[in-house]
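S.K.: This is the structure I have questions about; it appears just below.
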Amino acid sequence: PTPVRLADYRPSPWRIDRVALQFRLAPRGTTVTARLEISSAPGGEDLRLDGEGLRLLSLRLDGRALDLRPDDRGLTIPAADLPQGAFTLESVVEIDPADNTALEGLYMSKGMYCTQCEAEGFRKITFYPDRPDVMAPFDVTIESDLPVLLSNGNPAGQGRWTDPWPKPAYLFALVAGDLIAHSARFTTASGRGVDLNIWVRQCDEDHCAYAMDSLIRSMRWDEQVYGREYDLDVFNIVAVDDFNMGAMENKGLNIFNSRYVLASPETATDDDYARIEAIIAHEYFHNWTGNRITCRDWFQLCLKEGLTVYRDQQFSGDMRSHAVKRIEDVLMLRARQFREDAGPLAHPVRPESYVEINNFYTATVYEKGAEVIGMLRRLVGDDGYAKALDLYFARHDGEAATIEDWLAVFEEATGRDLAQFKRWYSEAGTPRVRVTEQYEAGHLTLHLEQINPPTPGQPRKSPKVIPIAVGLLSPEGREVLPTTVLELTGAQQAFSFDGLEARPVVSILRGFSAPVILERAVGAAERAFLLEHDTDPFNRWEAGRALAKDLLARMVTDGTDPGPDWMTAMEAVTFDDGLEPAFRALVLRLPSEDDMAQTLHAAGHVPDPAAIHTARRRMQAVLANGLAARLPDLLAALDDPGPYTPDAAAAGRRALRMAALSLLSRVDGGAAARATFTTADNMTVEVGALACLLEIGAGDEELTRFATRWGEDRLVMDKWFTLQILHAAPETVAERTEALTGHADFDMRNPNRFRAIFGALAANHAGFHHADGASYRLLADWLIRLDALNPQTAARMSTAFDSWSRMDVDRQDMIRGELTRIRATPGLSRDLGEMTERMLG
Ligand code: HT7
Ligand code: ZN
């Protein structure tokens with residue numbers, strides 16, 4: 001297939017002034033009548049409408065029948081058939097929602113009709129210029145026997161909706177089902193009332209309170225922090241079981257994967273609660289950053305996604321703990337985005353071409369896109385950021401904008417030239433920043449060098465603007481220089497600090513001020529010092545993390561156990577009641593096996609998954625033995641007697657409790673975990689205790705009890721599938737996964753269930769990369785099967801193979817063999833085809 005290129009963008013020659021849609025719903029034959037009021041282009045061009053898988057029943061132009069045949073990607077109305085000026089085009093098509101397993105366009109999930117139109121799903125509903133820069137107001141009529149009929153905008157009678165805000169087709173949504181609403185009312189800052197509804201199936205009615213609370217807090221926060229009010233009379237959210245991604249921000253009618261809406265203490269973990277809060281906020285924030293101001297074309301995806309992720313991260317930090325949130329976000333960034341940037345799928349935050357746009361909803365566009373905004377803010381300051389955002393909303397409201405528009409408001413609001421900064425949008429790859437220091441007689445010089453590695457299609461890069469936040473500590477741990485942002489703009493640059501009383505300890509890249517890899521020779525003693533004293537909480541954690549990584553790398557490469565200094569530092573943090581429990585839990589979490597493989601590869605080694613696994617387990621055992629004597633007291637102190645609450649403080653205590661329990665399990669044979677599992681009154685503790693048991697090779701009986709208790713709850717059962725694969729011993733993983741695909745409750749059409757199993761397979765690093773290659777074969781087999789039903793999810797899951805180039809030759813051959821086999825599959829989708837091509841290089 002021919003790629004779409006940013007360089008080929010041309011404005012649409014056609015304007016759609018108004019859209020009226022009428023749906024007559026039936027599972028096997030829904031008819032869609034679309035009446036488009038169109039303003040013609042002066043150039044006398046053909047009118048091209050996108051459309052896929054539609055049975056055209058009739059087509060009329062200003063009431064006159066047209067006899068035209070669509071091709072397999074749309075319909076062209078020749079210029080000769082078009083009148084001058086405005087005209088009305090009415091099409092009637094038939095579609096088959098019950099047969100739609102791809103979950104794009106109009107499909108059915110458990111008897112409910114729902115839609116997913118981003119990015120290019122609307123063309124599976126009707127013929128239309130399905131591109132984000134064509135915006136129009138929509139009126140919708142839905143005919144069906146189902147009691148709840150929803151669409152975008154404000155209600156205009158049973159099954160009738162009118163959306164006054166012009167929107168691109170990707171924000172269209174329709175839902176019809178036998179649903180029940182969990183409702184509330186919100187009054188905006190200017191005093192307008194808004195009806196809020198979360199629509200779910202009857203059985204889920206009592207699982208909506210937390211999502212509603214999150215929504216109300218998000219609405220208030222966006223008013224207070226960004227001055228953005230909601231703009232319709234209603235805001236509807238619908239929970240759907242079969243969904244390709246997390247959620248979708250359709251105007252006034254957000255559709256959610258039910259796992260990001262439904263929660264109760266018994267069924268959802270603290271992580272689930274935090275994700276629900278973040279995703280509800282994210283979709284709500286899109287109302288301004290995405291919907292009111294949308295993207296000109298899909299290359300500008302980071303304009304809405306990077307900014308909205310940045311905003312949801314800010315929100316979660318405000319609601320919870322900024323330090324903990326930042327650490328979690330960086331862990332995620334490194335695990336997903338750095339990995340992407342280091343492999344064959346590396347692409348710029350604003351890509352320049354794609355075959356299938358669904359393949360570019362990536363960690364780079366989302367998470368690195370958010371980091372780029374964080375850097376921009378660090379460079380222009382909080383006031384500059386606020387001014388630029390105000391200007392952005394004022395200038396581009398109602399428009400489909402570009403990254404150029406975005407940077408221009410920052411340039412105008414702050415007077416700063418962002419030409420060099422723009423490289424962050426166009427160049428892929430994670431910069432490395434090499435740091436050396438020199439101290440002499442009260443004078444410190446930091447020498448910084450940036451290295452921008454080549455990535456696919458981008459062999460050479462130029463230096464970027466990198467904000468490096470530094471602080472200096474005295475040898476006693478006093479802050480002698482508070483956080484200061486250095487701007488690294490050249491390939492090499494030196495920064496000096498004078499008037500120091502003694503050689504300071506440098507705390508660099510505070511708060512992870514830029515998405516880079518720091519290369520700096522730091523000894524264990526200095527890392528331990530920073531773990532104990534750094535006044536920047538992120539860097540305090542980072543020091544512990546780096547220390548653990550150094551030690552673990554040594555264990556892998558030469559089998560040396562960590563010395564007593566590490567134990568002393570870990571003990572000090574673990575039992576320091578002055579520190580947030582969530583922070584202490586994060587310090588106790590050792591680097592993941594995938595992270596270690598990435599790190600060892602970057603340091604020039606060929607990582608051995610089995611050796612990493614063994615060393616990491618050994619390190620856990622060393623830590624467990626060292627802390628064992630004090631763990632029971634810590635556990636007792638953390639055992640909250642009261643009812644479960646999902647707030648950050650209580651969640652942090654549970655996180656530390658589960659981290660301690662995991663360590664204790666390695667020395668008490670699982671006795672404490674078994675007792676904890678039996679008495680657990682919430683899912684965080686129940687799942688946490690079960691994971692502890694599975695990690696030490698026990699827990700079979702508890703797994704059975706868990707399934708007996710939760711067999712009817714699909715979201716909880718996803719956890720059951722995941723846990724036993726994620727924590728299985730490497731040599732058993734493929735077999736266990738295969739066995740679970742034979743389980744009566746395994747349904748490959750449900751993306752959550754598919755991800756629960758195969759996401760866990762890919763996440764069990766040593767099991768996935770087991771030398772026998774069985775996991776590779778199993779995943780490839782199932783991707784081929786899934787691709788025939790749901791190409792989007794198959795393509796996403798194929799990224800498990802993207803780390804092939806860091807493996808040894810035998811594993812490389814096996815993975816490339818599987819990718820080649822997938823690529824050769826007859827009828828392979830564009831989605832999975834593009835991914836395998838890119839991964840094979
Ligand atoms: N903007 C949405 C991205 C999206 C999506 C959502 C569900 C199913 C398929 C999808 N394709 C793209 C979600 C978001 O970023 O908020
Ligand atoms: Zn988004």
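The values are calculated or read from the model by the stated rules, or taken from the named source; none is laboratory data. As the structure is a prediction and not an experimental result, all values here were calculated from the model. When we count neighbours, we look across all protein chains shown, and the Cβ atoms used for this are built from the backbone with ideal geometry, even at glycine.
S.K.: Ala660 - would you say it is under 23 Å from Glu702 (Cα atoms) and in contact (Cβ under 8 Å) with a residue 60 or more places away in the chain?
M.R.: Yes.
S.K.: Here are Arg35, Arg55, Arg60: which of them is surrounded by 12 or more Cβ atoms within 10 Å (Cβ to Cβ), in contact with a strand residue (DSSP E or B) (Cβ under 9 Å, 6 or more places away or on another chain), closer than 23 Å to Lys167 by Cα and in the same structural domain as Arg15 (by TED's automatic domain parsing)?
M.R.: Arg35
S.K.: Given Thr294, Thr289, which one is near ligand 2 (Cβ under 10 Å from one of its atoms) and touching a Leu at 6+ places or on another chain (Cβ under 8 Å)?
M.R.: Details: Thr294 fails: near ligand 2 (Cβ under 10 Å from one of its atoms).
Checking each option against the conditions leaves just Thr289.
S.K.: Can you give me the number of residues within the range 160-203 that are buried (at least 18 other Cβ atoms within 10 Å of the Cβ) and under 22 Å from Arg123 (Cα atoms)?
M.R.: Of the residues in the range 160-203, 14 are buried (at least 18 other Cβ atoms within 10 Å of the Cβ) and under 22 Å from Arg123 (Cα atoms).
S.K.: Turning to a different aspect of this structure: Is at least one residue of the range 252-267 in contact with a Pro (Cβ under 9 Å, 6 or more places away or on another chain), β-branched (Val, Ile, Thr) and surrounded by 24 or more Cβ atoms within 10 Å (Cβ to Cβ)?
M.R.: Checked the range 252-267: no residue is in contact with a Pro (Cβ under 9 Å, 6 or more places away or on another chain), β-branched (Val, Ile, Thr) and surrounded by 24 or more Cβ atoms within 10 Å (Cβ to Cβ).
S.K.: Does any residue of the range 108-118 turn out to be surrounded by fewer than 20 Cβ atoms within 10 Å (Cβ to Cβ), part of a strand (DSSP E or B) and either free of Cβ contacts under 8 Å to residues at least 24 places away in the same chain or hydrophobic (A, V, I, L, M, F, W, C) (or both)?
M.R.: No, that holds for no residue.
S.K.: Next question, about the same structure. Which one is farthest from ligand 1 (Cβ to nearest atom) among residues in the range 365-404 that are touching a strand residue (DSSP E or B) at 6+ places or on another chain (Cβ under 7 Å) and over 15 Å from Trp288 (Cβ atoms)?
M.R.: Leu379
S.K.: Hey, Gly121 hits all of (1) in contact (Cβ under 8 Å) with a residue 24 or more places away in the chain; (2) away from ligand 2 (no atom under 16 Å from the Cβ) but one; which does it fall short on?
M.R.: (2)
S.K.: Answer yes or no: is there a residue in the range 676-684 that is surrounded by fewer than 17 Cβ atoms within 10 Å (Cβ to Cβ), in a helix (DSSP H, G or I) and either touching a Leu at 6+ places or on another chain (Cβ under 9 Å) or among the aliphatic types (A, V, I, L, M) (or both).
M.R.: Checked against the condition, which is being surrounded by fewer than 17 Cβ atoms within 10 Å (Cβ to Cβ), in a helix (DSSP H, G or I) and either touching a Leu at 6+ places or on another chain (Cβ under 9 Å) or among the aliphatic types (A, V, I, L, M) (or both), the range 676-684 yields no hits at all.
S.K.: State the number of residues belonging to the range 784-835 that are within 16 Å of ligand 1 (Cβ to nearest atom) and not in a helix (DSSP H, G or I).
M.R.: The qualifying residues number 3.
So that you can scan it fast, the table gives a plain yes or no per residue for (1) within 22 Å of Asn359 (Cα to Cα); (2) surrounded by fewer than 23 Cβ atoms within 10 Å (Cβ to Cβ); (3) more than 11 Å from ligand 1 (Cβ to nearest atom):
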residue	(1), (2), (3)
Phe285	no, no, no
Gly290	yes, no, no
Thr294	yes, no, no
Phe299	yes, no, yes
Leu303	yes, no, yes
Val309	yes, no, no
Phe315	no, no, yes
Val324	no, no, yes
Arg336	yes, yes, yes
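Quick grid of which residues meet (1) over 22 Å from Arg69 (Cα atoms); (2) more than 12 Å from ligand 1 (Cβ to nearest atom):
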{"site": "Phe87", "(1), (2)": "no, yes"}
{"site": "Val92", "(1), (2)": "no, yes"}
{"site": "Ile95", "(1), (2)": "no, yes"}
{"site": "Ala102", "(1), (2)": "yes, no"}
{"site": "Leu106", "(1), (2)": "yes, yes"}
{"site": "Gln116", "(1), (2)": "yes, no"}
{"site": "Tyr128", "(1), (2)": "no, yes"}
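S.K.: Checking the condition among the acidic types (Asp, Glu), more than 16 Å from ligand 1 (Cβ to nearest atom), more than 29 Å from Asp831 (Cα to Cα) and at pLDDT below 95, which residue from Asp62, Asp81, Asp67 passes?
M.R.: Going through Asp62, Asp81, Asp67 in turn, the sole match is Asp81.
S.K.: Which residues, counting only those in the range 230-257, are in a loop (DSSP other than H, G, I, E, B), over 15 Å from Ser214 (Cβ atoms) and not aromatic (Phe, Trp, Tyr)?
M.R.: Those that are in a loop (DSSP other than H, G, I, E, B), over 15 Å from Ser214 (Cβ atoms) and not aromatic (Phe, Trp, Tyr): Asp231, Leu232, Asp233, Asp241, Asp242, Asn244, Met245, Asn250, Lys251, Gly252.
S.K.: Turning to a different aspect of this structure: I'd like to check something: does the range 346-354 contain any residue that is of a type in the set (Ser, Thr, Tyr), within 16 Å of ligand 2 (Cβ to nearest atom) and farther than 21 Å from Ser462 by Cα?
M.R.: no
S.K.: Here is a list: Glu399, Glu404, Glu367, Glu371. Which entry is at pLDDT 95 or above, out of contact with any helix residue (DSSP H, G or I) (no Cβ under 6 Å at 6 or more places or on another chain), within 16 Å of ligand 2 (Cβ to nearest atom) and of a type in the set (Asp, Glu)?
M.R.: Glu371
S.K.: In addition: Where in the range 492-592 are there strands (runs of 3 or more DSSP E), lying wholly inside it, with at least 1 residues that are in contact (Cβ under 8 Å) with a residue 60 or more places away in the chain?
M.R.: The strands (runs of 3 or more DSSP E) meeting that bar are 505-508, 517-519.
S.K.: Every residue in the range 692-714 that is surrounded by fewer than 22 Cβ atoms within 10 Å (Cβ to Cβ) and of a type in the set (A, V, I, L, M), please. Give the steps one after another, and end with the answer.
M.R.: Going through the range 692-714, the residues surrounded by fewer than 22 Cβ atoms within 10 Å (Cβ to Cβ) turn out to be 695-698, 700-714.
Of everything in the range 692-714, those that are surrounded by fewer than 22 Cβ atoms within 10 Å (Cβ to Cβ) and of a type in the set (A, V, I, L, M) turn out to be Ile696, Ala698, Leu703, Ala707.
S.K.: Kindly establish whether Thr678 is farther than 18 Å from Leu586 by Cα and within 28 Å of the chain's Cα centre (by Cα).
M.R.: no
S.K.: Right, here's the next one. Which residues, counting only those in the range 352-364, are closer than 21 Å to Ile293 by Cα, touching a helix residue (DSSP H, G or I) at 6+ places or on another chain (Cβ under 6 Å) and surrounded by fewer than 22 Cβ atoms within 10 Å (Cβ to Cβ)?
M.R.: Ile357
S.K.: Tally time: how many residues in the range 645-665 are surrounded by fewer than 20 Cβ atoms within 10 Å (Cβ to Cβ) and of a type in the set (Ser, Thr, Tyr)?
M.R.: Residues in the range 645-665 being surrounded by fewer than 20 Cβ atoms within 10 Å (Cβ to Cβ) and of a type in the set (Ser, Thr, Tyr): 1 in total.
S.K.: Any idea which residue in the range 247-283 is farthest from ligand 1 (Cβ to nearest atom), counting only those that are over 22 Å from Arg755 (Cα atoms) and of a type in the set (A, V, I, L, M, F, W, C)?
M.R.: Leu253
S.K.: Looking at Pro459, Pro431, Pro475, Pro482, which one is on the phi < 0 side of the Ramachandran plot, modelled with pLDDT of 95 or more and out of contact with any strand residue (DSSP E or B) (no Cβ under 9 Å at 6 or more places or on another chain)?
M.R.: Only one candidate qualifies: Pro459.
S.K.: Could you tell me which residue of the range 589-645 is modelled with the lowest pLDDT, considering only residues that are more than 20 Å from Ala762 (Cβ to Cβ) and among the acidic types (Asp, Glu)?
M.R.: Here the residue is Asp640.
S.K.: Take the residues in the range 470-481 that are without any contact (Cβ under 8 Å) to a residue 40 or more places away in the chain and in a strand (DSSP E or B); name whichever of them is farthest from the chain's Cα centre (by Cα).
M.R.: Val480
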